[in-house]
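J.: I'd like to ask you about the structure that follows.
The values are calculated or read from the model by the stated rules, or taken from the named source; none is laboratory data. What you see is a predicted model, and the numbers here were worked out from it, not measured in a lab. Don't worry about glycine lacking a Cβ; one is built from the backbone with ideal geometry, like all the others, and counts go over all protein chains shown. With ligands, DNA and RNA removed, areas are computed over all heavy atoms of the protein, side chains included. Shrake-Rupley method; radii C 1.70, N 1.55, O 1.52, S 1.80 Å.
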Amino acid sequence: MADGTMRAWAVERPGPVGPGEGPLRLVERPVPVPGADELLVRVRACGVCRTDLHVAEGDLPVHRPGVTPGHEVVGVVAGAGPAVRGFALGDRVGAAWLRRTDGTCVHCLRGAENLCPASEYTGWDADGGYAEYTTVPAAFAHRLPFGDIDDVALAPLLCAGIIGHRALRRCALPPGGRLGLYGFGGSAHLCAQVALAEGARVHVLTRDPAAGRLALALGAASAQGAYDPPPEPLDSAILFAPVGDLVPVALRALDRGGVLAVAGIHLSDIPPLRYDTDLFYEKELRSVTSNTREDAREFLSLAALHGVHATTHTYPLSRAPEALRDLKGGRFDGAAVLVNDLG
């Protein structure tokens, strides 16, 4: 088992990630010791998620002072606690957003562990993957064989892909239905591929011209501005952009009986809704909260079946603050992935 010290990024003081000193500090820490039921994982790659930005900037309240962000972790097992079975040193595994639940509450017992009041999250309640090493409870680690798919390609699947998949199920898209995606970043461009493979017509609404071009290249039927009306009424829509102003816009774009799912963990304030124009005719507005391990297993199987792939832009882990700044500034399409160059 690894010992000694490692380098990791820590959210020293939440605040803007813009020019100048930001919230992340590169620190030296002891290599973590896994708990009895945990794996020690040597990080090889870690996706950059908008939730990391919310943690760093303080949009999400501090759960662990000085936390190391990152919850799209691909690595190899470097050690294990005494209660762990079924994993060997060198196995490739993933750590995702949902880190632990109590397994005993009413929500866990009915298969909705994503709603567990005692749930814990990687990179928020516990240190995540912007580091040389991290830990993950073995019961919540994802096995990642997937043959020749490399670490960078796999990383965004572990949150962007899984959350996008749950949002797709929450928006109740009918077979062959018309789906609108508001925002087209890491999660949406993976969600779109599953929806297209299942026969949907996908319309993308985004302020980013590069994201619109990517959407069309992936097979979307249209791409237009985020506040523009889609070319046809929508059966379902997913709001990926953390912009509350888009909620009434998306609701008005729905056909009768349509469903809007809001996929983000953080959303700016929603303006007042008009019942007659925004919600009447049995339209529904739903939130999406985290994911279950079954969501992850289902999505990873579908990703392998349909050849779902992330459009990725790599950064050395040593330049994690730059990756967060570029994410905030919309300077890349698809997803960013940090590759461990710290050790």
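J.: Once the Cα atoms of helix 293-306 and of the chain are each reduced to a long axis, what angle between those two axes, in degrees from 0 to 90 to the nearest 10, is obtained?
T.: Once rounded, one gets 70 degrees.
J.: Once you place label points 7 Å from the Cα toward the Cβ at residue 217 and residue 198, how far apart are they in nm?
T.: Computed distance between label sites residue 217 and residue 198 equals 2.5 nm.
J.: Lys/Arg Cβ at +1, Asp/Glu Cβ at -1, dipole of the chain taken about the Cα centre: which of 244, 160, 300 is farthest positive-ward?
T.: With unit charges placed on the Cβ atoms, the residue in question is 300.
J.: How do 108-120, 152-164, 124-136 rank on mean C-beta neighbours within 10 Å, highest first? Intermediate values should be presented prior to the final figure.
T.: Values: 108-120: 15.4, 152-164: 28.4, 124-136: 26.2.
Ranking, from highest mean packing down: 152-164, 124-136, 108-120.
J.: Relative contact order of the stretch 1-149: what whole-number percent is it, with Cα pairs under 8 angstrom and at least 6 residues apart? Display every interim value, and only then the final one.
T.: Numbers: 350 pairs, mean separation 43.0, N = 149.
Result for the stretch 1-149 is 29 percent.
J.: Could you work out how far helix 209-218 tilts from the main Cα principal axis of the chain, as a 0 to 90 degree angle to the nearest 10?
T.: It is inclined by approximately 90 degrees.
J.: Right, something else. Tell me what the chain gives for mean residue ellipticity at 222 nm when only DSSP H runs of n ≥ 4 count, each as -39,500 (n - 2.57), the sum divided by the residue total, rounded to 500 deg cm²/dmol.
T.: Values: 9 runs with 80 residues, N = 343.
That calculation yields -6500 deg cm²/dmol at 222 nm.
J.: When a/c reaches 1.5 or more, the comparison of a/b and b/c decides; with that in mind, is the stretch 64-178 rounded, prolate or oblate per its Cα gyration tensor? It would help to have the intermediate numbers written out before the result.
T.: Numbers: a/c = 1.66, a/b = 1.25, b/c = 1.33.
Oblate, because a/c is 1.5 or more while a/b does not exceed b/c.
J.: Suppose every K and R has +1 on its Cβ and every D and E has -1 on its Cβ; what is the size of the dipole of the chain about the Cα centre, in Debye to the nearest 20? Don't skip to the answer; put the middle values down first.
T.: Details: 32 positive and 39 negative charges, 41 e Å.
I would put it at about 200 debye.
J.: Run the accessible area of the chain with a 1.4 Å probe and give the carbon-and-sulfur part as a rounded percent.
T.: The value for the chain is 52 percent carbon and sulfur by accessible area.
J.: Taking square-rooted eigenvalues a ≥ b ≥ c of the alpha carbon gyration tensor, is the stretch 1-75 rounded, prolate or oblate, where a/c under 1.5 means rounded and, failing that, a/b exceeding b/c means prolate? It would help to have the intermediate numbers written out before the result.
T.: Values: a/c = 1.96, a/b = 1.74, b/c = 1.13.
In terms of gyration-tensor shape, prolate.
J.: Given the alpha-carbon gyration tensor of the chain, what are the semi-axes of its equivalent ellipsoid in whole angstrom, ordered largest first, with each equal to the square root of 5 times an eigenvalue?
T.: Semi-axis lengths for the chain are 33, 21, 19 Å.
J.: Also: Could you sort 82-89, 93-100, 228-235 so that the peptide with the highest average Cβ count within 10 Å comes first and the rest follow in order? Walk me through the intermediate numbers first.
T.: Details: 82-89: 11.2, 93-100: 24.2, 228-235: 17.5.
In decreasing order of mean packing, 82-89, 93-100, 228-235 become 93-100, 228-235, 82-89.
J.: Have a look at 140, 81, 309 and report the one farthest towards the positive end of the charge dipole of the chain, computed about the Cα centre with Cβ charges (Lys/Arg +1, Asp/Glu -1).
T.: Toward the positive end, the furthest listed residue is 309.
J.: Would you mind calculating the gained length between residue 268 and residue 106 on full extension (0.36 nm times residue separation, minus the Cα-Cα distance), in nm to one decimal?
T.: Values: separation 162, 0.36 × 162 = 58.32 nm, distance 3.03 nm.
Full-extension gain reported as 55.3 nm.
J.: Along Cα→Cβ, 7 Å out, is where each label goes; now give me the distance between the ones at residue 328 and residue 287 in nm to one decimal.
T.: Each label point lies 7 Å from its Cα, and together they span 2.5 nm.
J.: So what is the relative contact order of the chain, in percent, for Cα pairs below 8 Å that sit 6 or more residues apart?
T.: Working: 841 pairs, mean separation 62.0, N = 343.
Value for the chain: 18 percent.
J.: Over all alpha-carbon pairs in the stretch 1-127, figure out the percentage whose distance exceeds 23 Å.
T.: On the way: 3066 of 8001 pairs.
In whole percent, the share of Cα-Cα pairs in the stretch 1-127 beyond 23 Å is 38.
J.: To continue, here is another question. Say the dipole of the chain comes from +1 at the beta carbon of Lys and Arg and -1 at that of Asp and Glu; which of 130, 199, 216 then lies farthest toward its positive end?
T.: Towards the positive end, the residue furthest out is 199.
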